[in-house]
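Peer 1: Before we start, here is the structure in question, set down as structure tokens.
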Amino acid sequence: MIQRNWRKIGLGLLGGALALGATLQVARAEGLRGAPPPFDKGGVKVALVAYLSAGDFYQAYQAGAQQQAKALGVDLRVFPGRQDAAEQRSQIEQAINLKVQGLIIDHGLPESLKDVVQKALDAGIKVVAFDVNLDNPKVPQIEQSDHALAQRALEQAAADNGVNFKAGYVYVAGFAPLDRRNESWTDFKAKNPGVVEKARFGVVNATTAASVADQAKAVLRANPDISVVFAPYDEFARGVKLAATELGLSKKLRIYSADISTADIQELTEPDSPWVATVATNPAVVGAVSVRALALTLAGQDPGHRVVVEPTLLTQKQLREAGVRTVEDLDAKLPAFGQSQAASAAWIPKPGH
């Protein structure tokens, strides 16, 4: 899930900035041979409207979406919501006015989106959503299997620390993936009463990691018996790691997280890092799956209401022993991480093909 350095990963966006702050990829005019309508004729226009547009995960997600759209010959316009609910709403309105045929909603606050998404549906626009629950049977939901993601991280925490420890927990309600991960945390505590949540904190903003670091320093000073922090979003983990390093607690604290990027891998594998495990999907793969799910919907083919991309446990020890330094290394050394068959069809070309 938010803020970092996948600036190293080229987004491969074609064209320049559009009016209204969107980016444009030129569509393939001739269409896809053997594809169903409307992809057989080409010129399909879709929009990706993101709520959270800063950081490695989101830049990689958008890169994957761009690559899959290019393979499909789709004119994909990307609107960065900039962590602003009102701006995201406005950008969806802009996409409707541009008469796009399909719309991908990437995160957001359900209460600010449901009515404007219904407006898009009423205009005949097909909609899919990634990690935001719009509670609409007409909107397929793309998910990272957040329950499994959190469960696997917590299982690793139990394997490393037993089931009697004092914990810190980083959480912000109202975001679908975090809410689903929170359900796993609640279930884990209920099954393991020896796990005591000493402090709960968190914030999501344009500088999430730095803001969480400030909170974590106060929490760790006030609760020196905390030995484990569950931070089920990599920006949260980065903030807690920064706090632990500044306080000299790296050797007594263990951090368990979710999501992955090249910058995360560097922080996980550095000497004496307290960040010992994360569970993740490849964000570029999730972006590609989102585009494929929308393509199926546009072609009148049902991708299913829940389209799930399964995550992979990645431990510090595993990454070090495999010599993994980048997400590209993960793709090469753990092939299951770099691909998903979710929302696939014979007529949909894979990115790069």
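Peer 1: Of all the helices (runs of 4 or more DSSP H) wholly in the range 147-260, which have at least 3 residues that are over 12 Å from residue 274 (Cβ atoms) and among the hydrophobic types (A, V, I, L, M, F, W, C)?
Peer 2: 176-191, 208-222
Peer 1: Now, a different point. Those residues that are in contact with a helix residue (DSSP H, G or I) (Cβ under 6 Å, 6 or more places away or on another chain) and part of a strand (DSSP E or B), I need them from the range 47-77; list them, please.
Peer 2: 47, 48, 49, 76
Peer 1: Of the numbered conditions (1) within 30 Å of residue 229 (Cα to Cα); (2) modelled with pLDDT of 95 or more, residue 283 fails exactly one; give the number of that condition.
Peer 2: If we test residue 283 against (1) within 30 Å of residue 229 (Cα to Cα); (2) modelled with pLDDT of 95 or more, just (2) comes out false.
Peer 1: Check the range 151-161 and report whether any residue there is at pLDDT 95 or above, touching a helix residue (DSSP H, G or I) at 6+ places or on another chain (Cβ under 7 Å) and closer than 18 Å to residue 291 by Cα.
Peer 2: Keep residues of the range 151-161 that are at pLDDT 95 or above, which gives 151-161.
With touching a helix residue (DSSP H, G or I) at 6+ places or on another chain (Cβ under 7 Å) added as a condition, the list becomes 151, 154.
Narrowing the set further to residues that are closer than 18 Å to residue 291 by Cα leaves none.
No, the range 151-161 contains no residue that is at pLDDT 95 or above, touching a helix residue (DSSP H, G or I) at 6+ places or on another chain (Cβ under 7 Å) and closer than 18 Å to residue 291 by Cα.
Peer 1: Among the candidates 88, 66, single out the residue that is buried (at least 24 other Cβ atoms within 10 Å of the Cβ), in the same structural domain as residue 42 (by TED's automatic domain parsing), of a type outside the set (A, V, I, L, M) and closer than 16 Å to residue 291 by Cβ.
Peer 2: Unique residue meeting the criteria: 66.
Peer 1: Can you name the residue in the range 164-173 that is touching a helix residue (DSSP H, G or I) at 6+ places or on another chain (Cβ under 9 Å) and over 13 Å from residue 230 (Cβ atoms) and is also surrounded by the most Cβ atoms within 10 Å (Cβ to Cβ) among such residues?
Peer 2: 172
Peer 1: Here are some residues: 160, 234, 179. Which one is more than 22 Å from residue 315 (Cα to Cα) and acidic (Asp, Glu)?
Peer 2: It is 179.
Peer 1: Something else now. What's the number of the condition residue 307 fails, among (1) aliphatic (A, V, I, L, M); (2) under 21 Å from the mean Cα position of the chain (by Cα); (3) more than 26 Å from residue 177 (Cα to Cα)?
Peer 2: (3)
Peer 1: Just checking, does the range 300-311 include any residue being assigned to a helix (DSSP H, G or I) and out of contact with any strand residue (DSSP E or B) (no Cβ under 7 Å at 6 or more places or on another chain)?
Peer 2: No, the range 300-311 has no match at all.
Peer 1: Listed residues 158, 150, 176; which is touching a residue at least 24 places away in the same chain (Cβ under 8 Å), more than 30 Å from residue 129 (Cα to Cα) and either touching a Ser or Thr at 6+ places or on another chain (Cβ under 7 Å) or surrounded by fewer than 22 Cβ atoms within 10 Å (Cβ to Cβ) (or both)?
Peer 2: That would be 158, the only listed residue that is touching a residue at least 24 places away in the same chain (Cβ under 8 Å), more than 30 Å from residue 129 (Cα to Cα) and either touching a Ser or Thr at 6+ places or on another chain (Cβ under 7 Å) or surrounded by fewer than 22 Cβ atoms within 10 Å (Cβ to Cβ) (or both).
The values are calculated or read from the model by the stated rules, or taken from the named source; none is laboratory data. Values in this document were obtained by computation on a predicted structure and should not be read as measured data. FYI the Cβ positions are ideal-geometry reconstructions off the backbone, even for glycines, and counts take in every protein chain you see.
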